[in-house]
1. Taking the simple approach of a point 7 Å from Cα along Cα-to-Cβ for both Asp104 and Asp201, what is their distance in nm?
2. How large is the Kirkwood hydrodynamic radius of the chain, in angstrom, based on all distinct alpha carbon pairs?
3. Find how many whole Å separate the alpha carbon centroid of segment 173-249 from the alpha carbon centroid of segment 90-110.
4. Counting only residues 5 or more places away or on other chains, whose amide H sits under 5 Å from the amide H of Leu49 once H atoms are built in the peptide plane?
5. Which parts of segment 183-201 would a label at Glu230 reach, counting a residue when its backbone N lies under 18 Å from a point 7 Å out along Cα-to-Cβ?
Amino acid sequence: MSEDVEDVTEAPFLGGRLRLRQPAKGHRAGTDAILLAAAAPAAAKGLALDVGAGVGAAGLALAKLRPQVTLGLIDNDPRVAALARLNLSGNGIPGDVYEADVFDPAALRGIGPAPLVITNPPFLDPARARLAADSAKRSAHAMPQAGPGPLAAWLSACLALLEENGTFILIHKPEALAEILGALIPRGGALTLLGVQPRADAPAIRILIRAQKGSHAPLSIAPALVLNDEHGFLPYAEAIHRGEALIAW
């Protein structure tokens, strides 16, 4: 891989447990990736797939804290896929990187099925959001087409990679909840919703959703995760960001 030094940065992530290489410009991994990793089962083992992984932040964080996991990172951007490979080897984490388009079933053939699939998909509908000028950042943040169809297709691809009775975990914005439930309920149950609030008196800015493929168990709502008070991160949130705690839900 040929990258100019100015194009890539390397910095500690997950409280220094990981060294993460990322493009200097464009999308930067942060709290969403850490929360997604912390939401996975503590006893996870076997293959875990991170769909739309970017440089691998969420999957790497998950695998670093669960040594029985073998990681698969899926992304369609050759540049970030190359960085993901460097991040795997540089952190001593076993796994593979698959350069594949989530929207192309043929490209995903031969990957999985896995007992665990996680995803932090692009949040924005290009018809309803002001998009970044940087193409890499735009593709990380926005679906390629407008409307609910792309998100439903993304979730369908994730479920196709999941083995029967496997666990699927997603982080997204609360306003997408109706579309997400519409896509998941026909193929999975035991759905659990967890709102992520910046403060106790503020509405949720993210929602974590867990589902089990093929289950018919009812939906439940977990107590919200509150990140901050007036002084900054609450101790539990700080521990999650440092890789010292998982989300109990």
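1. Spacing of the two 7 Å Cα→Cβ label points: 5.2 nm.
2. Numbers: mean 1/r = 0.0549 Å⁻¹.
When all Cα pairs of the chain are included, the Kirkwood radius is 18.2 Å.
3. 26 Å
4. HN-HN under 5 Å from Leu49: Gly72, Leu116, Val117, Ile118.
5. Answer for this model: 198-201.
Throughout, read-outs are computed from the coordinates displayed, never taken from laboratory work. Please read these numbers as outputs of a predicted model, since none were measured by experiment. Positions of Cβ are backbone-derived with ideal geometry, glycine not excepted, and every protein chain shown enters the neighbour counts.
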